[in-house]
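The values are calculated or read from the model by the stated rules, or taken from the named source; none is laboratory data. On a predicted model such as this, the values are computed, not experimentally measured, just so you know. Because the Cβ atoms are built from the backbone with ideal geometry, glycine has one as well, and the counts that use them run over all protein chains shown. When the accessible area is computed, the model is the full protein with side chains, heavy atoms only, and any ligands, DNA or RNA have been set aside. Shrake-Rupley method; radii C 1.70, N 1.55, O 1.52, S 1.80 Å.
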Amino acid sequence: MTTGIGRRAFAEFFGTGLLVAVVIGSGVMAVRLSQDVGVQLLANSAATAAALPVIIILVGPISGAHLNPVVSLVDWLLGRRERSGLSAREVVAYLPAQVAGGIAGAVLANLMFALPPVTASTHIRSAPSLWLGEVVATAGLVALIVALARQGRAHLAPPLVGAYIGAAYWFTSSTSFANPAVTIARGFSDTFAGIAPSSIPAFVAVQLLGALVGAVIAVALYPASGPAGADARQDDGGHDVVVPHSS
């Protein structure tokens, strides 16, 4: 069965919104329950790592659960050679759906905690070390997703993506945003997980760079997709379930 592009775009909207609501909401709750920054980050990362597999399984069969513009762009780019992956028309539908969904998720999280629906974040994140952290975080995420698809092990994506993001919160200096849609959305909430609007363009730029690095690494390791008959799962539109992120 082929799923209409509108339904797939809605799945990306809903999934990305749910992801952002988890990221921001768990950050607000963590700050309200503890004054220890380490405990706050632990709670935020644990909630995100636990929610990701659930979200991927929830919308994956419909849209592939990209939930991330760089994942969609890499899927389209690598698919040009093998005539697979997203079409340009699908990318045009997915990207705005992901960004809009993320913003809706930020508004929802703000409202759940009795905060103004939209408040520009004042949390400035602007330093070469943070940008390098975003390159590493995004490259690792994309390399993992592409490698799993090419190994024919896409069914392992939900737990492994959740595990990677949970770890990347801690081993990257940026706490692993690794997702332009989530990054933009976090600018709409002046909370623990927020990012100042002035810091967003640089983060998105280095995420795009990281996605390219991750794709190159994955293709160098796995030049061709998995063999026919491998257990890679597909969505209702016939595309490999690629999965998201992030944090």
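Key figures for this structure:
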{"item": "Cβ pairs under 6 Å, 6+ apart, first in segment 171-194 and more than 16 Å from V135 (Cα to Cα) and open to solvent by 30 Å² or more (accessible area, probe 1.4 Å), second in a loop (DSSP other than H, G, I, E, B) and of a type outside the set (A, V, I, L, M, F, W, C)", "result": "D190/T119; D190/S121; D190/T122"}
{"item": "Any hit, segment 223-246, residues being among the polar types (S, T, N, Q), within 30 Å of W131 (Cβ to Cβ), open to solvent by less than 10 Å² (accessible area, probe 1.4 Å) and at pLDDT 50 or above", "result": "no"}
{"item": "Any hit, segment 10-24, residues being over 17 Å from the mean Cα position of the chain (by Cα), at pLDDT 95 or above and assigned to a helix (DSSP H, G or I)", "result": "no"}
{"item": "Which listed residue is within 22 Å of L156 (Cα to Cα), in contact with a Lys or Arg (Cβ under 9 Å, 6 or more places away or on another chain), part of a helix (DSSP H, G or I) and of a type in the set (G, A, S), from G60, G79", "result": "G60"}
{"item": "Segment 124-170: number of residues that are within 14 Å of L209 (Cβ to Cβ) and open to solvent by 30 Å² or more (accessible area, probe 1.4 Å)", "result": "5"}
{"item": "Yes/no for L52 being open to solvent by 30 Å² or more (accessible area, probe 1.4 Å), of a type outside the set (S, T, Y) and at pLDDT 95 or above", "result": "no"}
{"item": "Matching residues, segment 78-125, being modelled with pLDDT under 95 and under 21 Å from V206 (Cα atoms)", "result": "L78"}
{"item": "Meets criteria (more than 18 Å from V161 (Cβ to Cβ) and in contact with a Phe, Trp or Tyr (Cβ under 6 Å, 6 or more places away or on another chain)) for V37", "result": "no"}
{"item": "Some residue of segment 65-83 being open to solvent by 50 Å² or more (accessible area, probe 1.4 Å) and within 14 Å of V161 (Cβ to Cβ)", "result": "no"}
{"item": "Options G187, G194, G210: the member that is modelled with pLDDT of 95 or more and in contact with a Pro (Cβ under 7 Å, 6 or more places away or on another chain)", "result": "G187"}
{"item": "Search result, residues across segment 104-123 that are open to solvent by 70 Å² or more (accessible area, probe 1.4 Å), touching a residue at least 40 places away in the same chain (Cβ under 8 Å) and either under 25 Å from A168 (Cβ atoms) or outside any loop (DSSP other than H, G, I, E, B) (or both)", "result": "L108, M112, T122, H123"}
{"item": "Residue list for segment 142-179, filter: in contact with a Ser or Thr (Cβ under 9 Å, 6 or more places away or on another chain) and not in a helix (DSSP H, G or I)", "result": "G152, S173, S174, T175, S176, F177, A178, N179"}
